[in-house]
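Trainee: Below is one structure. I have some questions about it.
The values are calculated or read from the model by the stated rules, or taken from the named source; none is laboratory data. Please read all numbers here as calculations on a predicted model, not as lab measurements. Counting neighbours? That spans all protein chains shown, and the Cβs are built from the backbone with ideal geometry, glycine included. The area values use the complete protein model at the heavy-atom level, side chains included, leaving out ligands, DNA and RNA. Shrake-Rupley method; radii C 1.70, N 1.55, O 1.52, S 1.80 Å.
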Amino acid sequence: MAATARVADGPPLTPDGSAPTPGASRPVRKRGPWRTGLLLASPAIAVLALLFIAPLFMLVYNSFRTQAGDPTLHNYTRFLGDSFYRDVLWHTLWIGALTTLGCLVVGYPFAVYLRGRSPRARNYLSLVLLSPLLISMVTRAYGWLVLLGPKGPIADGFHALGLDAPKMLYNDTAVVIGMVHVMLAYMVLPLMGSLDRIDPALTPAAKGLGASGWTCFWRITVPLSLPGMLAGSLIVFSLTVSSFVTPAILGGPTVKLMPYFVYTEATSNLNWPYAAAIGFVLIVVTTILTAVYARLLRGRGGKEVFA
């Protein structure tokens with residue numbers, strides 16, 4: 001009886017009837033990694049579906065409707081069949097390309113300079129870089145409106161030199177300057193991530209083999225930082241072609257971009273379907289650029305872009 005009690009009170013037997021090995025734990029049923037990942041990502045997926053996918057679906061749905069609610073393709077045939085709107089589309093892409101190039105020309109040397117600084121200096125310089133993002137876009141745009149105006153400090157500098165100040169407002173130049181100021185951080189941050197991943201021993205090794213400083217820069221630094229350049233260019237271009245406030249203030253009535261016509265059709269003309277069609281064209285352009293970017297990234301061997 002005592003032996004039976006000890007067996008009944010002891011640890012459970014294994015399937016073959018033998019006693020379990022001392023210290024052996026009971027098998028734990030593991031949950032699949034995809035289920036765990038899905039459970040962790042479910043809040044983000046819900047927010048994305050609510051705030052992005054559902055509005056995007058409504059945008060596409062409305063773009064194929066008339067103002068009375070009937071199905072139609074007229075919104076797209078009107079846009080694609082009018083040379084004026086096609087010119088606006090190409091002009092928007094042109095402003096985006098100029099802004100991206102300006103951010104790359106200004107931001108790349110700044111990112112290279114940050115790479116060699118101490119952590120404390122990098123923190124201060126990064127704060128300076130990000131400071132424009134802490135100010136309202138309207139405030140930044142009106143600041144450039146004062147600086148570039150006919151009675152601003154830049155025009156006064158030209159007059160002090162006895163020169164006529166060029167027209168710097170309400171043209172593409174003003175829009176590109178303002179957008180470069182706004183978008184510079186979005187170019188520098190991916191570049192810093194790529195530059196930080198470059199092995200610091202590569203440049204001294206190349207110099208030890210007889211390479212000059214410029215050769216090291218063009219043959220080592222630039223190719224290895226290409227993923228950051230691609231990422232920053234995509235971000236800057238995508239945000240620029242969809243910007244409204246800065247081009248509207250600095251470009252004035254002479255610089256008309258796609259976001260301006262989305263705003264005009266939706267608020268002034270109350271033609272929401274046509275505004276949705278214009279907005280969807282912008283989304284398609286961004287999607288195409290994303291696909292091109294992904295292809296270029298695969299050409300780099302699938303390397304990560306962000307740190």
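Trainee: Those residues that are part of a helix (DSSP H, G or I) and open to solvent by less than 70 Å² (accessible area, probe 1.4 Å), I need them from region 148-162; list them, please.
Mentor: Residues of region 148-162 that are part of a helix (DSSP H, G or I), as a first pass: 148, 153-160.
Result: Leu148, Ile154, Ala155, Gly157, Phe158.
Trainee: So for region 28-35 (the condition being out of contact with any helix residue (DSSP H, G or I) (no Cβ under 8 Å at 6 or more places or on another chain), modelled with pLDDT under 55 and not acidic (Asp, Glu)), does at least one residue qualify? Show your work before the answer.
Mentor: We begin by selecting, within region 28-35, every residue out of contact with any helix residue (DSSP H, G or I) (no Cβ under 8 Å at 6 or more places or on another chain); these are 28-35.
Subset that is modelled with pLDDT under 55: 28.
The next check asks that each one be not acidic (Asp, Glu); those that pass are 28.
There is at least one residue in region 28-35 that is out of contact with any helix residue (DSSP H, G or I) (no Cβ under 8 Å at 6 or more places or on another chain), modelled with pLDDT under 55 and not acidic (Asp, Glu).
Trainee: Cβ-Cβ under 6 Å, sequence separation 6+ or interchain: first residue in region 183-199 and farther than 17 Å from Leu127 by Cβ, partner among the polar types (S, T, N, Q). Which pairs?
Mentor: Pairs that qualify, where the first residue is farther than 17 Å from Leu127 by Cβ and the partner is among the polar types (S, T, N, Q), are Ser194/Ser225; Leu195/Ser225.
Trainee: Related question: Any residue that is among the β-branched types (Val, Ile, Thr) and farther than 19 Å from Ser63 by Cα - is there at least one of those in region 259-267?
Mentor: Filtering region 259-267 down to residues among the β-branched types (Val, Ile, Thr) leaves 262, 264, 267.
Checking the rest, the ones that are also farther than 19 Å from Ser63 by Cα come to none.
Checking region 259-267: not a single residue is among the β-branched types (Val, Ile, Thr) and farther than 19 Å from Ser63 by Cα.
Trainee: For region 262-271: of the residues being of a type outside the set (A, V, I, L, M, F, W, C) and free of Cβ contacts under 8 Å to residues at least 60 places away in the same chain, which is most open to solvent (accessible area, probe 1.4 Å)?
Mentor: We begin by selecting, within region 262-271, every residue of a type outside the set (A, V, I, L, M, F, W, C); these are 263-265, 267-269, 271.
Remaining after also requiring free of Cβ contacts under 8 Å to residues at least 60 places away in the same chain: 263-265, 267-269.
On the way: Tyr263: 115, Thr264: 29, Glu265: 10, Thr267: 71, Ser268: 83, Asn269: 86 Å².
For region 262-271, the residue satisfying everything is Tyr263.
Trainee: Residues that are touching a helix residue (DSSP H, G or I) at 6+ places or on another chain (Cβ under 8 Å) and of a type in the set (Val, Ile, Thr): which helices (runs of 4 or more DSSP H) entirely in region 195-247 hold 3 or more of them?
Mentor: Working: elements: 202-208, 213-216, 226-241.
Correct list: 226-241.
Trainee: State which residue pairs qualify: first residue without any contact (Cβ under 8 Å) to a residue 60 or more places away in the chain and surrounded by fewer than 19 Cβ atoms within 10 Å (Cβ to Cβ) and inside region 213-242, second residue charged (D, E, K, R) and outside any helix (DSSP H, G or I) in any location, beta carbons under 8 Å apart, and separation of 6 or more residues or different chains.
Mentor: Leu224/Arg197
Trainee: Continuing with the same structure: If you scan region 166-194, which residues turn out to be outside any helix (DSSP H, G or I), of a type outside the set (A, V, I, L, M, F, W, C), open to solvent by less than 70 Å² (accessible area, probe 1.4 Å) and at pLDDT below 90?
Mentor: Step one: list which residues in region 166-194 are outside any helix (DSSP H, G or I), which gives 166-171.
Subsequent filtering for residues that are of a type outside the set (A, V, I, L, M, F, W, C) retains 166-167, 170-171.
Going one step further and asking which of them are open to solvent by less than 70 Å² (accessible area, probe 1.4 Å), we end up with 166, 171.
Pro166 - this is the single residue of region 166-194 that is outside any helix (DSSP H, G or I), of a type outside the set (A, V, I, L, M, F, W, C), open to solvent by less than 70 Å² (accessible area, probe 1.4 Å) and at pLDDT below 90.
Trainee: Kindly provide the set of residues from region 272-285 that are surrounded by fewer than 17 Cβ atoms within 10 Å (Cβ to Cβ) and over 16 Å from Met58 (Cβ atoms), ordered by number.
Mentor: Once the filter is applied, which keeps residues that are surrounded by fewer than 17 Cβ atoms within 10 Å (Cβ to Cβ) and over 16 Å from Met58 (Cβ atoms), region 272-285 yields only Val284.
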